[in-house]
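Student: Take a look at this one; I'll ask things after.
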Amino acid sequence: MAKKKSRKPPVKKKVLVDTDPGIDDALALALLYQSPEAEVAAITSANGNLAAEEGLKNIFRLLGFLGVTEKPLVGVGRDWPVSADDARHIHGVDGLANTYLPVFSRNSAEPAAKLLASIVTATREPVTILAIAPLTNIADMLDRIDVKDANVERIIIMGGAFHVPGNATPVAEFNVYHDPDAARLVMTSGLPVTIVPLDITTSLVFGVRDFDAFSHSKEGAGKLARILLPFYLQAHRRYHKLDGVHLHDVIAAALVVCPEVFTTKRAWCDVETEGEITRGQTVIDDRPFSPKEPNVDVVTGFDAKALKNFILARLSQV
Ligand code: RIB
Ligand code: CA
């Protein structure tokens, strides 16, 4: 009898997550922890949906709720820009649908930029940075290192809006709008950047029937989805006039663990940092005759059915 082909174990990607948890951030982390293709080596909190210190508390809340035993290194970002608006109206006062989950164990947290810089310059295996928040910490990390010393396979950024309206302003997406100078620095850093823009993340809507996947979940990622999504749905109905939700950061996390369902292309991209009414706008030059040298990869499409089924199955898996 022919020898059964042994399924090779998936290649594990070492992942550093920079996040402002946030409901979609929380489910992105849950997806990574549900996925054998990823090993979360570090999680850093960024100022965005809520203050970095609050985001740090939510990181510990999520690690406890998800029963994570191999604790990642944890870093805390600086609260910058001081005057920026947060997104508590979308994510809840606590950032997690006002669930106020218990904070089980609070390990010490290093300054985010210092932690990220030390990891990327010391790691023997290449790392993937999943940036699902404003890019302040990543820019601060770049200030501390020489890019050629960084063993970074890819920085995946959830951010930007190219041919669709913004969600922070008519032309700017929240993560980029929150710190456009940082976003520009990262996108033009020379590191391998892949952008997952609103063009992509708003083209997949999860509705109440999709939430049925979690209706019997009693623990872990499925239960987290079950307790967070109703609030997130109400916020989308109220502020986005949408009878469903956009799981922006979850889609960016899916690019890490299931890249085969996405298509990307090289393009030139930059960020408006001076515009009186366009600050935070991401500009792409993907014209066929563009004289500009491409500097990033941009996600241009995905197999919607496969991606939605993958996300629902992974998050509800026990
Ligand atoms: O524009 C969507 C992004 O802004 C997501 O990362 C969401 O969590 C918010 O931070
Ligand atoms: Ca986020």
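Student: For q = 0.08, 0.12 Å⁻¹, what log10 I(q)/I(0) does the chain give under the Debye formula with an equal point scatterer on each alpha carbon and no solvent?
Tutor: After summing over all Cα pairs, the log10 values are -0.33, -0.75.
Student: In cubic angstrom, how much convex hull volume per residue do the alpha carbon atoms of segment 1-160 span?
Tutor: Spread over its residues, the Cα hull of segment 1-160 gives 147 Å³ apiece.
Student: Same structure again: Send over the Kirkwood Rh of segment 163-318, from the inverse of the averaged 1/r over different Cα pairs, rounded to one decimal Å.
Tutor: 17.0
Student: Looking at segment 173-242, which trypsin sites (Lys or Arg not before Pro) are DSSP coil and have at most 12 other C-beta atoms within 10 Å of their C-beta?
Tutor: Qualifying residues, ordered by number: LYS218, LYS241.
Student: Per 0.36 nm of contour for each residue apart, how much would the distance between VAL147 and HIS216 grow if the chain were fully extended, relative to their Cα-Cα spacing?
Tutor: Between VAL147 and HIS216, full extension yields an extra 20.2 nm.
Student: Looking at segment 179-228, I'd like the Rg to Rh ratio, where Rg is from alpha-carbon atoms and Rh is Kirkwood's inverse mean 1/r.
Tutor: 1.22
Student: In segment 1-85, with Lys and Arg counted as +1 and Asp and Glu as -1 at Cβ, which of these residues, TRP80, ALA38, GLY22, has the Cα nearest the positive end of the dipole, that is, farthest along it?
Tutor: ALA38
Student: Sticking with this structure for a sec: Give me the percent of DSSP beta bridges within the chain that run antiparallel, rounded to the nearest 5.
Tutor: 30
Student: Spelling out what I want: for every residue of segment 90-103, take phi, set θ = phi - 60°, compute 6.51 cos²θ - 1.76 cosθ + 1.60 (Karplus), and round to whole Hz; glycine and proline get x.
Tutor: Couplings: 8, 10, x, 4, 8, x, 10, 6, 6, 7, 6, 4, x, 9 Hz.
Student: Moving on. Over the Cα atoms of segment 237-312, what is the Rg over Rh ratio if Rh follows Kirkwood?
Tutor: 1.06
Student: Counting other Cβ atoms within 10 Å, keep those with at most 15, restrict to DSSP loop, and tell me which GluC sites (Glu not before Pro) in segment 257-318 are left.
Tutor: Sparse-neighbourhood loop GluC sites (Glu not before Pro): GLU274, GLU276.
Student: By a straight-distance test (C-alpha under 22 Å), which lysines pair with LYS223 as possible cross-link partners, with residues fewer than eight away in the same chain excluded?
Tutor: Within reach: LYS57, LYS71, LYS308.
Student: Please state, to two decimals, what the Cα-based radius of gyration of segment 182-274 comes to when divided by 2.2 N^0.38 Å (N = residues).
Tutor: Working: Rg = 16.4 Å, N = 93, 2.2 N^0.38 = 12.3 Å.
Taking the Cα Rg and dividing by 2.2 N^0.38 Å, one obtains 1.33.
Student: Give me Rg/Rg_expected for segment 101-162, where Rg uses Cα atoms only and Rg_expected = 2.2 N^0.38 Å with N residues.
Tutor: Segment 101-162 yields a ratio of 1.28.
Student: Could you tell me which of THR201, ALA133, PHE65 has its Cα farthest along the dipole of the chain towards the positive end, charges placed at Cβ (Lys, Arg +1; Asp, Glu -1), taken about the Cα centre?
Tutor: PHE65
Student: DSSP loop chymotrypsin sites (Phe, Trp or Tyr not before Pro) in segment 265-318 with at most 16 other Cβ atoms within 10 Å of their Cβ, which ones?
Tutor: PHE289
Student: Using the C-alpha gyration tensor of segment 1-60, what are the square roots of 5 times its eigenvalues, in whole angstrom, with the largest one first?
Tutor: Whole-Å semi-axes of the equivalent ellipsoid: 34, 10, 7.
Bear in mind these aren't lab numbers, they're just calculated from the coordinates by the rules spelled out. Computed from a predicted structure; not experimentally measured. Every residue, glycine as well, gets a Cβ built from its backbone with ideal geometry; the counts of neighbours run over all protein chains shown.
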